[in-house]
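See below for the structure under consideration.
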């Protein structure tokens, strides 16, 4: 059975969530106190695994309506969770084994769970089909068949009992109907399917294994039916997965054998974590059994005590589990619970409440990958989050937004509608959408402007100049920029490091080509020393111009750059710029600075100088680079040298 829809009512903040679709993966996104936990808890109560959980009217019913409970529900138990299930071929076969093929009219089944724990199932069964199957299977023939094949099923049992001498075949039909609960085929079908209804496994980011466990106290609590803490329960799950128990640990005379079992289970779980955990691969979990010492705090001062520690191979040190990264402890605890649950009830629906909340963003992405790759093949997963890194950006159809809705009338009086769940992300407020927007923004910056090999430059004009020069060189069968490079403008040398840091997380090959002016020396040195980029991957314009300061415009010979400026701004006659003007004064001065000075004294009818217009004009007039002139050849020589060093940063096998 597969859960395909859900609707939560009368539970905490969820007065009526509305019906929402559930897929193999369902991500509930919403801000704090929106009601995400309420939705998951209500689903958990449908058929909970492990923990003793049941809907409690006093605790869970919307408090503002509690005194009107009986009035609002006509003296009956209120509905909480209505779930819609799609029956699999195996499910239908289990019903067919009891009622015959084709007895179920619709492969969709609605189950509503109420306060008090009872359920109502909405299942459509073709009673005429069941009647025909029973008569045929049991060999009813001739006149009996003609009579009873037209008898309504509800009257079938009474009609058979009214026969003075029913045949053995009719007696067999009567016996078979008597095996149905209350003699009703629909109840027989429900009984066949109820054992196949998946359980719900729930865990939250608060559920973590205890770092130290008193086996004596745990045994006593279990014996007296006392509540067991969440941390101790996870330890019990771990022991079951390891193939042992508290009693065995406490009473065994072969401590080494039990320690070996715990270590084997711990190693198995740790190995699975490190298939996905990218934060630190030098960690391992150690579980040791020892006798409590008198000076230890109670209850760890007597009896056998299990101590769970995390060992860091890099630092050669181990610390108690409780003192380790909360994120790693949660991951280990979750797998301890999950593996034991899977041994007991394969196919459970997994409910994760804010999973990995304390994990680093990259580790949250690892957890999401674990959910998709390891859990989804065998389980449906519904999880809540308000973290951008837990939003499955490539599966937006699986995202549901959760919002605590309050509307206001013309007098600004509030009407509280409670928690609602929707797939329509256009109807909710910006706070609710923030995790989704943030992750989409992150994904866009990771993919929209960059490729596997990215060349960072300072501005869009640099992109155009490089493209024009590369095209001209390739037209002459010379070396241009390799087509594998994606050119990405950053906005200046100050932002190159930020861009590189953002993109480097995707394993992208990055090279930066920076302008170099007064005050940029320390910035370039920091960039080369930062380890984010290889030092050989930080190139500056002065490497190719021979000047103390340079922009990419200084790759152009003065005569050619003057021609580009004149064309871009339609400068004519005495207003034309000459190579001599661009070279006047200090020869080391950048050409864009010279151009800015010249434009500052021009007539007001001339547009203001900017970096982009000359580059845009060159892209549209690339014929100027086809001339066989000294200025063009000098320019292309500089660009070819730069392209050679940039292309050298490409891996040989890419």
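The values are calculated or read from the model by the stated rules, or taken from the named source; none is laboratory data. These figures come from a predicted structure and were not determined experimentally. Here Cβ is always computed from backbone atoms with ideal geometry, including for glycine, and neighbour counts include all displayed protein chains.
Determine whether residue 383 is touching a residue at least 60 places away in the same chain (Cβ under 8 Å), closer than 25 Å to residue 199 by Cα and in a helix (DSSP H, G or I). No. Of the residues 112, 82, which is buried (at least 16 other Cβ atoms within 10 Å of the Cβ) and closer than 23 Å to residue 379 by Cβ? When all the criteria are applied, what remains is 82.
Checked against the criterion of being closer than 30 Å to residue 647 by Cβ, at pLDDT below 90 and either loosely packed, with under 14 Cβ neighbours inside 10 Å or not assigned by TED's automatic domain parsing to the domain that holds residue 641 (or both), the candidates 447, 407, 422 yield just one match: 447. Taken over region 188-226, residues that are farther than 30 Å from residue 378 by Cα, in a helix (DSSP H, G or I) and touching a residue at least 60 places away in the same chain (Cβ under 8 Å) amount to 3. The lone criterion from (1) surrounded by fewer than 20 Cβ atoms within 10 Å (Cβ to Cβ); (2) assigned by TED's automatic domain parsing to the domain that holds residue 101; (3) in contact (Cβ under 8 Å) with a residue 12 or more places away in the chain left unmet by residue 32 is number (2). If only residues of region 242-279 that are outside any helix (DSSP H, G or I) and modelled with pLDDT under 70 are counted, the one that is nearest to residue 215 (Cα to Cα) is 252.
For the residues 594, 622, the requirement of being farther than 25 Å from residue 482 by Cβ and in contact with a helix residue (DSSP H, G or I) (Cβ under 9 Å, 6 or more places away or on another chain) singles out 594.
Residues checked against (1) touching a helix residue (DSSP H, G or I) at 6+ places or on another chain (Cβ under 6 Å); (2) assigned to a strand (DSSP E or B):
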position	(1), (2)
285	yes, yes
293	no, no
296	no, no
307	no, yes
315	no, no
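Which ones in region 120-153 are in contact (Cβ under 8 Å) with a residue 12 or more places away in the chain and under 30 Å from residue 58 (Cα atoms)? Of everything in region 120-153, those that are in contact (Cβ under 8 Å) with a residue 12 or more places away in the chain and under 30 Å from residue 58 (Cα atoms) turn out to be 121, 122. Could you tell me whether any residue of region 43-61 is crowded, with 17+ Cβ neighbours inside 10 Å, within 29 Å of residue 195 (Cβ to Cβ), over 28 Å from the mean Cα position of the chain (by Cα) and modelled with pLDDT of 95 or more? Taking every residue of region 43-61 in turn, at least one turns out to be crowded, with 17+ Cβ neighbours inside 10 Å, within 29 Å of residue 195 (Cβ to Cβ), over 28 Å from the mean Cα position of the chain (by Cα) and modelled with pLDDT of 95 or more. Could you list, in sequence order, all residues of region 395-415 that are touching a residue at least 24 places away in the same chain (Cβ under 8 Å) and either part of a strand (DSSP E or B) or more than 20 Å from residue 36 (Cβ to Cβ) (or both)? 399, 400, 401, 402, 403, 404, listed by residue number. With the structure loaded, tell me whether residue 200 is within 30 Å of residue 88 (Cβ to Cβ) and in contact with a strand residue (DSSP E or B) (Cβ under 7 Å, 6 or more places away or on another chain) or whether it fails that test. In short, yes. I want to confirm something. Restricting to region 320-358 and keeping residues that are modelled with pLDDT of 80 or more and part of a loop (DSSP other than H, G, I, E, B), which single residue is farthest from residue 379 (Cα to Cα)? Filtering region 320-358 for residues that are modelled with pLDDT of 80 or more and part of a loop (DSSP other than H, G, I, E, B), the one farthest from residue 379 (Cα to Cα) comes out as 357. Looking at the structure I just gave you, is residue 362 surrounded by fewer than 23 Cβ atoms within 10 Å (Cβ to Cβ), in contact with a helix residue (DSSP H, G or I) (Cβ under 7 Å, 6 or more places away or on another chain) and part of a helix (DSSP H, G or I)? Considered against the rule, which asks whether it is surrounded by fewer than 23 Cβ atoms within 10 Å (Cβ to Cβ), in contact with a helix residue (DSSP H, G or I) (Cβ under 7 Å, 6 or more places away or on another chain) and part of a helix (DSSP H, G or I), residue 362 comes out as no.
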